[in-house]
Structures are given as structure tokens and as C-alpha cells.
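These notes are about the structure you will find just below.
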Amino acid sequence: MSLRMPLMLHSIAYAIIICCLISCNNSAAFEVKNDKHGSLKAAKKLEQNGDKKFSLDSLSAPRPPYIQLYNDASGNEYLAMLSGYSRNIFIYNYDSANNPVNQIPISTVQMPLAFHIRNMDSIYVYNDKMMEMVLLNNRSEIVSKISLINNENMKDLSWTTRYPQYVPHGVNAIIEHEGKLVFPGQFIWTLPDTIAQRFKFTSLIDINSNKVNYVHKYPYGIYGHGHLWDEPMFTGVYYDITPDHRKMVYSFPVSHDLVISDLDTDKEKTVYGGSNEAASITSLDVDKFKKKSAAPNEYIYQKACTSDLYGGILYDKYRDVYYRFLRKALPEKGVRLRWENKKVAVVVMDKDFNYLGETELGDLNEFYPDNSFVTKEGLNVEYVAPNDVEEKFLTFRIFKLKDI
Amino acid sequence: MKKKIYGALGVAALALAAFLTTNTSSSASDTTLFSLFKINAANAECCSTPINNGRCSSLTGNCYPDPGGANNCDSTKGNC
């Protein structure tokens with residue numbers, strides 16, 4: 001008996017230690033690994049190539065909610081900017097910049113968050129208050145309204161499990177494809193596993209019939225299985241269209257891959273589109289807030305700061321490459337965890353998504369990559385000088401691709 | 001001798017604990033929430049009304065519908 005007691009105590013002690021080790025290592029978070037981390041070779045880089053400045057009126061500020069670069073029938077290039085406070089869309093000639101050459105009043109739209117100018121007599125404005133696309137004519141009169149939730153009762157929130165919601169960014173232009181407007185939205189919070197394999201986030205709005213169809217699903221391996229991505233920043237959808245105008249390229253913030261989805265069929269494929277420097281990205285860990293019903297805001301904010309998060313993707317038709325933005329992770333210790341201290345990098349890929357290199361531009365204090373577009377001059381990224389208090393200009397810093 | 005070693009180990013453990021605690025709290029206090037940064041103030045901003053049917057985004061400070069969730073703001077856009 002006297003010999004067995006110490007043996008039992010030892011066994012219990014070992015069992016406790018093993019349990020502790022297992023529970024310490026067994027996180028409930030899901031890890032998205034970057035398989036090519038540190039193994040990619042760069043051949044190109046981006047170099048600053050001047051600024052472009054557009055003057056702002058007293059009611060408009062930098063980081064406007066939405067912008068669109070478009071060409072008129074004569075091929076002139078314009079930059080249109082939504083001014084949320086003055087309820088106008090200001091139009092600038094891109095080449096000459098400076099003052100706006102035109103403005104479209106949109107006060108008839110209650111909560112404008114995005115727009116698409118087909119021509120001056122056909123302007124679509126997304127009204128977030130009613131979840132609808134409003135068509136305006138050249139006198140800013142409402143021609144038609146297209147519900148994006150099939151006219152369902154907005155107070156009964158069950159529509160949120162069937163229809164996407166929209167968090168528009170200028171880098172995500174509304175696209176025209178064969179008589180349809182392509183307007184991707186997103187699921188806002190953690191995608192419940194019960195709907196993860198059927199929830200479609202892209203609206204296709206038929207310009208002639210005003211019918212709305214929904215296509216394209218989240219990659220189930222990442223957003224399914226109830227993995228916790230409980231913040232619109234994690235479930236956001238960035239996109240562009242391929243040069244043949246048949247497929248969408250989707251950049252999800254927490255995925256190193258890109259999803260290429262056919263617009264006319266159910267076909268899709270996944271390709272690697274990550275950064276050489278981005279680390280694994282992990283979902284929220286329910287063990288960190290077990291006693292609470294939802295993830296605390298502070299934990300979500302810290303997670304967003306300390307995670308590599310991808311952003312917009314843009315195809316450059318002049319150089320036949322793709323640019324993908326990355327908001328780089330801040331270290332967990334030793335620096336102040338502020339979102340705007342994150343560095344902005346751009347990953348460059350060729351037309352087949354082969355890695356060409358990546359360049360760090362600066363931090364989110366000075367760059368606003370959600371307002372970016374491509375011109376023949378290069379990649380335009382909104383730049384806000386940290387000491388700019390006068391807010392007289394909307395500025396884009398232009399980056400040109402160079403061989404290393 | 002043993003007491004001295006145990007005593008020294010105890011002091012070291014206390015110092016380590018104090019160091020770790022200080023580190024943790026300073027990093028938490030450095031975290032800045034809504035008041036410090038709003039990415040896009042154009043959506044329905046977070047405000048609380050008797051309707052409260054949404055959740056406030058930690059990063060954008062905007063309120064989005066969240067059926068069945070821990071609601072803390074009114075997502076009915078423009079009511080507040």
C-alpha cells in the first residue's frame with residue numbers, strides 16, 4: 001500500500017500536467033496558413049511617381065466614402081467622388097485634376113454609399129437606408145428603385161441570412177457585365193454554418209428588367225464550420241473583374257488565396273495570391289471570451305491590429321498585372337495597437353497570379369488603400385498627409401512598376 | 001541554505017509576476033477603440049435606442065443588424 005500511493009500520486013500529477021499542456025495548446029481558433037511564406041522571389045517593385053490633387057469644397061473631406069474612375073463616350077477620363085455631407089457627386093477631369101468640372105446633386109437619395117455613372121443621364125446610387133439601387137436621370141430625378149432585398153420587411157431581420165449587405169469602398173468599383181451591374185456585398189458577422197454553403201454575396205442587377213440575381217459563395221474551408229470572424233472587416237469582400245470580363249477575382253481579408261468565380265456559370269477556382277511576408281491568420285478564439293455572449297470589442301480590435309489582413313485587388317490593364325493590398329500585422333507587444341499604425345503593402349502578381357514582388361507604401365495614417373484605382377500613370381492610392389488639417393485636396397499618390 | 005534558495009526563487013517569481021502583469025495592462029490600455037478611429041462614418045453610426053437590433057463594429061463604429069446577437073445599437077439607419 002505504501003508503495004502504491006506514491007505511484008498513484010505520480011500518475012495523477014503526470015495526468016494533470018499533460019491535461020494542462022493539451023489545454024494550453026488546443027486553441028479554438030482556426031488558422032489560415034500562408035504556405036508560401038518566405039519562399040517567394042521578387043522581380044518587381046513599386047516606386048513613387050508623383051501625386052495627383054483634386055480640390056475639395058468646404059463640406060468635403062479626404063477619405064470620401066466612394067469614388068469611381070470612368071471614361072465618357074469620347075474617351076475622356078474622369079474621377080467622380082461622393083461627398084456624403086454635401087450630398088453631391090463631384091466630377092473631375094482626371095488629367096487636368098484641380099477643380100470639379102461637374103457635380104450631380106443626390107439629395108433625393110437618403111443614405112448614398114456608392115454609385116455607378118453609366119452616363120450623365122443614367123446614374124445608379126446605392127441607398128443604404130432602404131437597401132436599394134436608385135437610378136437617377138440627368139436632372140437628378142429618381143427614375144426607378146431596385147430593392148436588393150426583394151422588398152422584404154427591413155424590420156424583420158431574417159433577410160440578413162438571405163441577402164448580402166454592403167460596405168462599399170472606392171477600390172471596389174461597381175462593374176458592368178453584359179447588361180448587368182455587378183455589386184458584391186458581404187455577410188457582416190460570423191457566417192452561421194447552417195447557411196455557409198448557400199449564402200451568396202454578389203448581386204447582379206439587370207439594367208433592363210431591374211431583376212436581381214445573387215451569385216458566388218464564401219470559401220467554405222475558411223468562413224464555414226462556424227469559424228469566428230465576428231467583424232465586418234474580416235468578412236469583407238474585395239474584388240475586380242478579369243481582363244476577359246468573364247470572371248470575378250475575390251480577395252478575402254483573411255485568405256492568402258484568391259477565388260476566381262465565373263460570372264455566367266458555377267465554375268470557380270482558387271489560386272494562391274498571398275504575400276511573402278504575411279503570417280498565418282487566425283480566427284477569433286472563443287476560449288478568450290467564454291463567459292460573454294459575444295467577442296469583446298477590445299479583443300476584436302486587438303485581433304484586427306495584430307493580424308495580416310488583405311484588402312482591395314486591382315487589375316492593371318496597362319501593365320497586365322494585379323495589385324493586392326495588405327494591411328500588415330502589428331507586433332503583439334512593444335508597439336501601440338492602433339489600426340492606423342498598420343503598414344500598407346501591395347503584392348504584385350502577373351495575369352496568371354504568379355508572384356512578382358511586394359512593396360510597403362507607408363502606414364494607414366497616410367494611405368487609404370480603400371480608395372485606389374489604376375490609370376496609365378500607375379497605381380493611384382489615396383494619400384492624406386498626417387499634418388493636413390486644411391483638407392483642401394483629395395490626393396492620390398501614384399506608384400509605378402519597376403524591375404528590381 | 002535551502003531557505004535562502006527558496007526565498008530567492010520566491011522573490012524572482014513575484015518580480016516576474018509583477019513584470020508580466022504590468023506588461024499586459026499597458027498593452028491593453030494602448031488599445032484604442034471607436035473614439036480614436038473611424039474608417040468610414042458614412043454608414044449608420046452606433047447609437048442606442050429602444051429598437052437596438054444591431055451590433056456596433058469595433059473597427060468602423062457603424063451599426064449592423066445582428067438577429068439573435070448581443071445587440072447594443074440601432075441599425076435602422078438614420079433613426080438617431
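The values are calculated or read from the model by the stated rules, or taken from the named source; none is laboratory data. Quantities reported herein were computed from a predicted structural model and do not represent experimental measurements. Neighbour counts run over all protein chains shown; Cβ positions are idealised from the backbone, glycine included. Note: areas computed on protein heavy atoms with side chains; ligands, DNA, RNA excluded. Shrake-Rupley method; radii C 1.70, N 1.55, O 1.52, S 1.80 Å.
The C-beta contact set for region A:375-404 (first residue free of Cβ contacts under 8 Å to residues at least 40 places away in the same chain, second residue open to solvent by less than 80 Å² (accessible area, probe 1.4 Å), distance under 6 angstrom, 6+ apart or interchain) comprises A:Val381/A:Phe367; A:Val381/A:Pro369; A:Val381/A:Ser372; A:Val381/A:Arg397; A:Pro386/A:Asn365; A:Pro386/A:Glu366.
Hey, can you tell me all the residues within region A:117-134 that are open to solvent by 10 Å² or more (accessible area, probe 1.4 Å) and away from every other protein chain (no Cβ under 14 Å)? Listed by number, the residues that qualify are A:Arg118, A:Asn119, A:Met120, A:Asp121, A:Ser122. Beta carbons closer than 6 Å, at least 6 apart along the sequence or on distinct chains, pair a first residue in region A:41-66 that is away from chain B (no Cβ under 14 Å) with a second that is among the polar types (S, T, N, Q) and outside any strand (DSSP E or B) for A:Ser55/A:Asn99.
For region A:287-342, what are the residues that are aliphatic (A, V, I, L, M) and away from every other protein chain (no Cβ under 14 Å)? Within region A:287-342, A:Ile313, A:Leu314, A:Val321, A:Leu326, A:Ala329 meet the criteria.
The requirement of being over 20 Å from the mean Cα position of the chain (by Cα) and more than 30 Å from A:Leu69 (Cβ to Cβ) is not satisfied by A:Arg319. Annotation: of all residues in region A:149-182 being away from chain B (no Cβ under 14 Å) and among the aliphatic types (A, V, I, L, M), the one that is most open to solvent (accessible area, probe 1.4 Å) is A:Ala173. Within region A:189-220, the set of residues being open to solvent by 50 Å² or more (accessible area, probe 1.4 Å) and outside any loop (DSSP other than H, G, I, E, B) comprises A:Lys200, A:Asn213, A:Lys217, A:Tyr220. With respect to the conditions (1) of a type outside the set (D, E, K, R); (2) at pLDDT 95 or above; (3) open to solvent by less than 50 Å² (accessible area, probe 1.4 Å), A:Ala29 falls short on a single one, namely (2).
Scanning region A:233-261 for residues that are open to solvent by less than 10 Å² (accessible area, probe 1.4 Å) and in a helix (DSSP H, G or I), we see that the one that is nearest to A:Lys36 (Cα to Cα) is A:Phe234. Residues that are surrounded by fewer than 21 Cβ atoms within 10 Å (Cβ to Cβ) and on the phi > 0 side of the Ramachandran plot occur at least once in region A:341-356. Return yes or no: is A:Ala114 closer than 22 Å to A:Ile175 by Cβ, within 14 Å of chain B (Cβ to nearest Cβ) and in a strand (DSSP E or B)? Yes, satisfied. All of A:Ile313, A:Ile300 fail the test of being among the hydrophobic types (A, V, I, L, M, F, W, C), closer than 17 Å to A:Glu31 by Cα and open to solvent by less than 10 Å² (accessible area, probe 1.4 Å), apart from A:Ile300. Remark: pairs (first residue in region B:40-51, at pLDDT 85 or above; second residue among the small types (Gly, Ala, Ser); Cβ separation under 6 Å; 6+ apart in sequence or on different chains) = B:Cys46/B:Gly61. The strands (runs of 3 or more DSSP E) found entirely in region A:262-381 that carry 2 or more residues being under 25 Å from A:Ser39 (Cα atoms) are A:268-272, A:309-316, A:321-327, A:343-350, A:355-363. Of the residues making up region A:221-232, not one is open to solvent by less than 20 Å² (accessible area, probe 1.4 Å) and on the phi > 0 side of the Ramachandran plot.
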